[in-house]
Amino acid sequence: MKCLLCEQKLETTPSWQSLLAIEKTPLICEDCSKSFGRVDIKEAGDVVDHVTSIYTYNEPMREYLHQYKFLQDVALAGVFANELRGELARKDAIIIPIPMHPQKKIERTFAHIEEILTAARISFKDLLIKTNTEVMGEKTREERLSMRNLFSIKPGSDIQNTTYILVDDIYTTGTTLRHAATILKEAGASRVEAVTLIRAEK
């Protein structure tokens, strides 16, 4: 088997965790894995009660996201499965992926956050609808912070008085997560946390 990023042959020895499906067999080589910078940020907030971010947004991570999201290399969904499962599997909460706008999902052909969670074998609920097709990365910080809410609750959804965890690929200003958390709390959620794969530099 070859590394999905550099195509170097993978030298792997099955572990008891992988044999019991507790841990996913690595899809990338050790060199590529080491190129991603861990930040492990954990911070409390107001609208979003707690945010965890695992990696920094360095050049290898930019290349990974481009290949995964925009070149539609869906096989890369499982690259960070073990890391995400480590943050989410033991939490007593309802997991919600940040959704794409339906039109964007058609254009990309897959929902990248849902694919990442599925690859990590993490159950989730699809409770939010993205109501705006605009791309956060194309806006200035001021424009992002001044936007109207980006989400609505999916019709028929039962928002309980419990903890929800939002999952997204990248945290920049936190606008997307705050909008989603606001809608959930208005609908009855008692606490909303978030886990993001990446934290962009401010």
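The values are calculated or read from the model by the stated rules, or taken from the named source; none is laboratory data. Computed from a predicted structure; not experimentally measured. Cβ: placed from backbone, ideal geometry, glycine included. Neighbour counts: every protein chain shown. What goes into the accessible areas is simple: the full protein's heavy atoms, side chains included, and nothing from ligands, DNA or RNA. Shrake-Rupley method; radii C 1.70, N 1.55, O 1.52, S 1.80 Å.
Below is a table of values for the structure above.
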{"read-out": "Candidate set: segment 175-202, residues that are in a strand (DSSP E or B) and not aliphatic (A, V, I, L, M); chosen: the one surrounded by the most Cβ atoms within 10 Å (Cβ to Cβ)", "value": "THR196"}
{"read-out": "Matching residues, segment 27-85, being under 24 Å from THR173 (Cα atoms) and of a type in the set (Asp, Glu)", "value": "ASP40, GLU43, ASP46, ASP49, GLU59, GLU63, GLU83"}
{"read-out": "When residues of segment 136-167 are limited to those that are among the small types (Gly, Ala, Ser) and open to solvent by 80 Å² or more (accessible area, probe 1.4 Å), the one modelled with the lowest pLDDT", "value": "SER146"}
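Residues are listed down the side, and each one gets a yes or a no for (1) free of Cβ contacts under 8 Å to residues at least 12 places away in the same chain; (2) touching a helix residue (DSSP H, G or I) at 6+ places or on another chain (Cβ under 9 Å); (3) over 23 Å from SER190 (Cα atoms):
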site: PRO26; (1), (2), (3): no, yes, yes
site: ASP46; (1), (2), (3): yes, yes, no
site: ASP49; (1), (2), (3): no, yes, no
site: THR52; (1), (2), (3): no, yes, no
site: ASN58; (1), (2), (3): no, yes, yes
site: MET61; (1), (2), (3): no, yes, yes
site: ALA77; (1), (2), (3): no, yes, yes
site: PHE80; (1), (2), (3): no, yes, yes
site: LEU88; (1), (2), (3): no, yes, no
